[in-house]
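Inspection log for the structure reproduced underneath, given as structure tokens.
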Amino acid sequence: MPEIGPHLLGIDGLTRGQVDFVLETAEQFVEVSERNVKKVPTLRGKTVINLFLEPSTRTRSSFEIAGKRLSADVINVSGSSSSTTKGETLVDTAMNLHSMRPDIVVIRHPAAGAPHLIAKHLKNAAVVNAGDGLHEHPSQALLDALSIKQRLGRLEGLTMTIVGDSLRARVARSNILLHRLYGNKIRLVAPPTLAVREFEELGVEVFHEMGPALKGADVVMSLRMKHEYLKDFFVPNLDEYSRRFIVSEPVLKQYCPDCIVLAPGPIIRGTEITSEVADGPRSLIMKQVTNGVAVRMAVLFLLCVGRGAHWEDVDVAAAKEQAAA
Ligand code: CP
């Protein structure tokens, strides 16, 4: 029987049963955000620290909202305002925050493995990876999966095409690891300089042309094209990239007319995706953001309330409404 936690460091290591359970739990939290009073007492008396040492709009705010909707006390520490700017090490920062007895530390960090490092030092708090360098972004893959499941009614039997910058690979890697659990076909399409060949070892088909990569896809995921890559000459210029790789209605209509489109955000309109697609009926982009709150509520809840319990023993419906005190 799988156990909850003690941390959420990646999709790597999770079973399909565990992913299903997080998604089922998240489905139960979706309606809390639709209420007039968007709050349940589930995590009253618990403390969540958001330690974000890299910029974020969606992930940081949705972990904060998720914690607050569960009645936890949420504290935000950002890179620019933290003592890491004075030379304090990450482990020292984490140990000091740990001394204030948080129940969960959510961390985003530019270095791959940073959440794993602090998880080794925090004995009494769960650590959640909110994006570590080029490595993983597990809560993003979970909210993507919830959005796909809601729209298509299933998570298996799918062909997913990930378009673009897989060097910024953490969203791609977490999605690939998750969809492997469901036996889905996963394709990646990017210029050769931006296609991570190691993904082929995970069973991903790598393409450099949109047509064959998109043909018959159920799900298209558009990744952000980093302007920083221009200076490193990964692409000669963004116009040329867009001419070949932009996710547009004509190309989707031609190769995968019924596909849905996701993007983790931020999106760069006109470079990697057109506004017609981003704002159109196949787009789940805003739904992904909405679902981010429910998925992060589920993650905080399962790591906090379910800590040490067997997943099957957790009565989500009852705990949701019950004061933890
Ligand atoms: N998708 C995502 O991680 O967005 P943020 O960088 O704004 O958190």
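The values are calculated or read from the model by the stated rules, or taken from the named source; none is laboratory data. Computed from a predicted structure; not experimentally measured. Ideal geometry is used to build each Cβ from the backbone, glycine not excepted, and the neighbour counts take in all protein chains shown. Surface accessibility is based on the protein's heavy atoms, side chains included, excluding ligands, DNA and RNA. Shrake-Rupley method; radii C 1.70, N 1.55, O 1.52, S 1.80 Å.
Sparsely packed loop sites in the range 197-306 (the chymotrypsin sites (Phe, Trp or Tyr not before Pro) outside DSSP H, G, I, E and B with at most 11 other Cβ atoms within 10 Å) comprise F233. Normalised by the number of residues in the range 184-227, the mean separation of alpha-carbon contacts (under 8 Å, six or more apart) gives a relative contact order of 37 percent.
Absence of a disulfide-compatible partner, taken as no other cysteine beta carbon within less than 4.7 angstrom, is noted in the chain for C304. Placing +1 on the Cβ of every Lys and Arg and -1 on the Cβ of every Asp and Glu, with nothing else charged, gives the range 46-164 a dipole about its Cα centre of roughly 320 debye.
Centre-to-centre, using Cα atoms only, the range 10-82 and the range 83-139 are separated by 16 Å.
Accessible area per residue for the chain, computed on protein heavy atoms with a 1.4 Å probe, is 42 Å².
The distance between label points at R44 and Q254 comes to 5.9 nm (points 7 Å beyond Cα on the Cα→Cβ vector).
Looking only at the range 55-71, which residues have a backbone nitrogen under 20 Å from a spot 7 Å from the Cα of R269 in the C-beta direction? Inside the label zone: 57-58.
For D165, nonlocal amide neighbours, meaning residues 5 or more places apart or on other chains whose placed amide H falls under 5 Å from its own, are L223.
For a paramagnetic label modelled on N124 (point 7 Å from Cα along Cα→Cβ), amide N atoms under 13 Å away belong, within the range 27-48, to 47.
For the range 119-134, the Karplus equation 6.51 cos²θ - 1.76 cosθ + 1.60, evaluated at θ = phi - 60°, returns couplings of 4, 5, 9, 9, 7, 10, 9, 7, 10, 10, 7, 9, x, 10, x, 9 Hz by residue, with Gly and Pro reported as x. Note on the chain: Rg/Rh from C-alpha atoms, Kirkwood Rh, equals 0.97.
Protein heavy-atom surface of the chain, 1.4 angstrom probe: 52% of the accessible area is carbon and sulfur, with nucleic acids and ligands not counted. Work through the residues other than N291 whose Cβ is under 13 Å from its Cβ and net out their charges, Lys, Arg +1 and Asp, Glu -1. Here the count lands on +1.
Available extension along the chain between H208 and R244 is 12.0 nm, counting 0.36 nm per residue and deducting the alpha carbon span. Among the GluC sites (Glu not before Pro) in the range 130-212, those located in a DSSP loop and surrounded by at most 14 other Cβ atoms within 10 Å of their own Cβ are E156, E209. For the range 181-187, 3J(HN,Hα) computed residue by residue from phi via the Karplus equation (6.51, -1.76, 1.60; θ = phi - 60°) reads 4, 9, x, 6, 7, 10, 10 Hz, glycine and proline entered as x.
Phi angles of the range 49-61 translate, via the Karplus equation with coefficients 6.51, -1.76, 1.60 and θ = phi - 60°, into HN-Hα couplings of 10, 8, 9, 10, 9, 8, x, 6, 9, 5, 5, 5, 5 Hz per residue; Gly and Pro are given as x. Checking the table K68/K226; K215/K253; K46/K68 against a 21 Å threshold on Cα-Cα, which pairs fail? Table pairs above 21 Å Cα-Cα are K68/K226.
Here the gap between S81 and E156, fully extended at 0.36 nm per residue and compared with their Cα-Cα distance, gives a gain of 22.7 nm. Basic side chains Lys and Arg get +1 at the Cβ, acidic Asp and Glu get -1 at the Cβ, and with that the dipole of the range 138-287 about its Cα centre reaches some 320 debye. Near the amide H of V127, within less than 5 Å, lie the amide hydrogens of L8, V105, all on another chain or at least 5 residues away, with H placed in the peptide plane. Taking 7 Å steps out from each Cα toward its Cβ at N96 and D12 produces label points 3.0 nm apart.
Only helices enter the 222 nm calculation for the chain: every DSSP H run of n ≥ 4 contributes -39,500 (n - 2.57), and dividing by all residues gives -11000 deg cm²/dmol, rounded to 500.
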